[in-house]
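The values are calculated or read from the model by the stated rules, or taken from the named source; none is laboratory data. Small disclaimer: the values here were computed from a predicted structure and weren't measured. Cβ coordinates were reconstructed from backbone atoms using ideal geometry, including for glycine residues, and neighbour counts include every protein chain displayed.
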Amino acid sequence: MPEIVAFNAIAAGIDPEAEKTSVALSGPRGRKPRRALSGRNIMVYGTLIVVALYYLLPLYVMVMTSLKGMPEIRLGNIFAPPLEITFEPWVKAWSSACTGLNCDGLSRGFWNSVRITVPSTIVSIAIASINGYALANWRFKGADLFFTILIVGAFIPYQVMIYPIVIVLRELGVYGSLTGLIIVHTIFGMPILTLLFRNYFAGLPEELFKAARVDGAGFWTIYFRIMLPMSMPIFVVAMILQVTGIWNDFLFGVVFTRPEYYPMTVQLNNIVNSVQGVKEYNVNMAATILTGAVPLFVYFVSGRLFVRGIAAGAVKG
Amino acid sequence: MGHTRGSGRPNQWLRNLNAKLASIPMILTAVVIFLGGTVWTVVYSFTNSKLLPRLSFVGLDQYERLWAAPRWLMSVQNLAIYGLFSLIFSLVIGFLLAALMDQKIRFENTFRTIMLYPFALSFIVTGLVWQWLLNPEYGIQSVVRSLGWTSFAFDPLYNSNIVIYGILIAALWQGTGLVMCLMLAGLRGIDEDIWKASRVDGIPMWKTYVFVIIPMMRGVFITTLVIIASGIVKVYDLVVAQTSGGPGIASEVPAKYVYDYMFQAQNLGQGFAASTMMLITVAIIIVPWAYLEFGGGRKRA
């Protein structure tokens with residue numbers, strides 16, 4: 001049986017609940033009353049504030065640039081706030097920025113990304129949760145072998161598997177379509193999600209499962225009536241992981257879809273890095289923020305659950 | 001588990017049938033895509049496939065051509081520099097930040113939120129923001145010059161000697177928050193008594209970190225290393241967004257080489273050979289780690 005000790009340890013270590021218990025066990029640990037302005041404190045907070053400013057700087061510059069007009073950008077410095085706030089660049093980025101011959105803005109990419117992300121998230125989580133459930137509770141001969149291949153597969157560079165997948169999708173007649181891309185996201189989300197669900201289901205009290213079995217419940221009944229309702233937190237973690245991961249994907253979007261289905265990231269790159277025309281940095285930055293907005297929203301709303309999700313998903317890189 | 005064994009006499013295959021049916025997608029993915037796809041690519045890397053995959057074997061030709069191609073050599077060199085520095089910097093910075101965060105500070109959540117938000121962004125977004133910040137005409141360079149230091153030069157994205165460091169800056173901005181979080185989890189896992197003991201013995205804090213805490217966190221360090229390393233090999237989007245491999249071929253990376261040869265240059269054989277080299281690189285990182293981490297567990301009590 002493969003033991004993914006390390007990932008579990010990280011996922012557990014970063015888990016807020018686990019943190020609390022370890023604090024409780026190791027005796028008094030709370031803040032010691034301390035003078036607010038000790039030299040050490042100044043150093044610690046000073047450094048942290050400088051670091052925080054560094055992390056925030058690009059976001060700040062992005063927003064400021066997107067609110068300026070081009071003449072002001074040419075004259076001024078990127079850190080200065082706009083003298084005259086304009087939302088023109090945002091409107092242009094959303095509805096009329098050009099990629100090649102198409103001039104209907106990022107909105108097309110946005111809706112494509114929605115049409116990719118929603119079904120991909122649902123399908124990949126549905127399949128992976130059932131996998132995890134089967135692995136945790138209904139282990140059959142050979143199941144662990146497949147699972148091991150799956151986990152090892154998570155480390156294989158995508159480039160190695162891309163072309164064979166192109167062939168498979170072409171054979172199925174879905175290469176270039178949204179369906180094809182959804183299959184691809186399901187495939188590459190599977191290792192980490194299956195691991196996540198397997199570990200979670202394995203941690204649920206076995207008595208529940210046994211009691212249901214004694215009462216005559218089968219595979220699907222137990223899954224839908226017992227496992228699913230009990231596991232909402234892990235489904236939310238998986239959802240955060242998938243929504244941000246799929247939204248941010250670039251490579252699969254480029255390889256597996258036709259231009260009319262390009263996700264937002266691909267379209268953004270095409271708009272900003274297009275060689276023809278005058279560079280409109282304010283429009284570019286507005287477009288960049290728009291593309292980053294969805295994962296940022298998920299991040300700020302979900303807080304610590306996101307940390308848990310990426311700790312589990314870090315292997316996905 | 002007892003229930004899987006049962007008294008199943010009727011038919012081996014029918015037992016647990018639902019679980020097997022439900023696992024078909026997983027089995028297909030594992031066997032057809034992960035295993036089959038990898039083997040397929042490796043096999044076809046020995047052929048002279050051009051526009052379409054063809055099974056006419058040419059031995060190691062593709063690999064010889066690969067290792068003679070300046071662009072590939074540049075890609076490998078870039079990956080080595082980028083990989084080495086990004087490993088060192090993200091481990092060191094990540095650990096230092098985690099140690100700072102572990103000083104029982106206030107607003108820990110706020111600081112963590114700020115340091116980790118870049119990780120939520122796509123590499124494309126990160127790449128484009130840093131492309132803008134590093135723009136020599138309007139970005140950091142021009143701001144510093146306008147302050148009076150007119151000879152200040154900081155244009156990594158337009159200087160082929162240092163372009164890879166420009167990409168490194170963006171990558172570190174995006175990734176160190178995650179490393180910090182992993183390290184912080186590791187620090188939190190360390191018994192508080194160790195700190196008490198070192199304080200009683202009057203050992204300076206940095207010495208406790210270097211000689212006691214870090215050795216105790218070996219596992220976390222190794223895992224983080226593997227996570228960073230397997231991400232490094234895949235670096236692609238960031239380069240595409242920031243420089244598209246330029247100036248010239250100065251910031252090419254292997255993943256981009258693979259993509260370009262497979263889907264643009266219609267030279268599949270080269271693409272397969274290059275991706276096989278990527279596979280080997282990952283194997284060199286993963287296999288020793290997997291052996292260390294799971295080798296002992298194989299005995300099974």
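When you go through B:ALA19, B:ALA30 one by one, which is the residue that is buried (at least 19 other Cβ atoms within 10 Å of the Cβ), facing chain A (nearest Cβ under 10 Å) and at pLDDT below 90? Reasoning before the result, please.
On the way: B:ALA30 fails: at pLDDT below 90.
One residue alone meets the criteria, B:ALA19.
The rows are residues; the columns are (1) within 21 Å of the chain's Cα centre (by Cα); (2) over 22 Å from A:TYR281 (Cα atoms).
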site: B:ALA99; (1), (2): no, yes
site: B:TYR117; (1), (2): yes, yes
site: B:GLN141; (1), (2): no, no
site: B:SER146; (1), (2): no, no
site: B:TYR158; (1), (2): no, no
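Filter segment A:302-317 down to the residues that are at pLDDT below 55 and small (Gly, Ala, Ser) and list them by number. Spell out the reasoning first.
As a first pass, look at segment A:302-317 and keep what is at pLDDT below 55: A:313-317.
A:GLY313, A:ALA314, A:GLY317, listed by residue number.
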- prompt: When you look at A:ILE151, is it within 10 Å of another protein chain (Cβ to nearest Cβ), at pLDDT 90 or above and buried (at least 17 other Cβ atoms within 10 Å of the Cβ), yes or no?
  reply: no
- request: Go through segment B:230-262 residue by residue and tally those that are buried (at least 24 other Cβ atoms within 10 Å of the Cβ), among the small types (Gly, Ala, Ser) and in a helix (DSSP H, G or I).
  value: 2
task: For B:LEU168, indicate whether it is more than 14 Å from chain A (Cβ to nearest Cβ), within 15 Å of B:ILE88 (Cα to Cα) and surrounded by 18 or more Cβ atoms within 10 Å (Cβ to Cβ).
output: yes
Candidate set from segment A:261-284 (those that are of a type in the set (S, T, N, Q) and not in a helix (DSSP H, G or I)); member that is surrounded by the fewest Cβ atoms within 10 Å (Cβ to Cβ): A:GLN276
field: Tally of residues being part of a helix (DSSP H, G or I), more than 19 Å from the chain's Cα centre (by Cα) and either surrounded by 13 or more Cβ atoms within 10 Å (Cβ to Cβ) or of a type in the set (D, E, K, R) (or both) across segment A:222-254
entry: 7
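Quick check: is even one residue across segment B:200-212 more than 9 Å from chain A (Cβ to nearest Cβ) and closer than 30 Å to A:VAL160 by Cβ?
Applying the first criterion (more than 9 Å from chain A (Cβ to nearest Cβ)) to segment B:200-212 yields B:200-212.
Still in the running and closer than 30 Å to A:VAL160 by Cβ: none.
Taking every residue of segment B:200-212 in turn, none turns out to be more than 9 Å from chain A (Cβ to nearest Cβ) and closer than 30 Å to A:VAL160 by Cβ.
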message: Report every pair of residues separated by at least 6 positions or lying on different chains whose Cβ atoms are under 6 Å apart, first residue within segment B:84-113 and farther than 21 Å from A:ARG304 by Cβ and in the same structural domain as B:ILE222 (by TED's automatic domain parsing), second small (Gly, Ala, Ser) and part of a helix (DSSP H, G or I).
response: B:SER86/B:ALA171; B:SER90/B:GLY175
Residue match in segment A:288-296 (condition: closer than 27 Å to B:LYS234 by Cα and at pLDDT below 90): no
query: Restricting to segment B:263-273, what's the tally of residues that are crowded, with 24+ Cβ neighbours inside 10 Å and facing another protein chain (nearest Cβ under 8 Å)?
result: 3
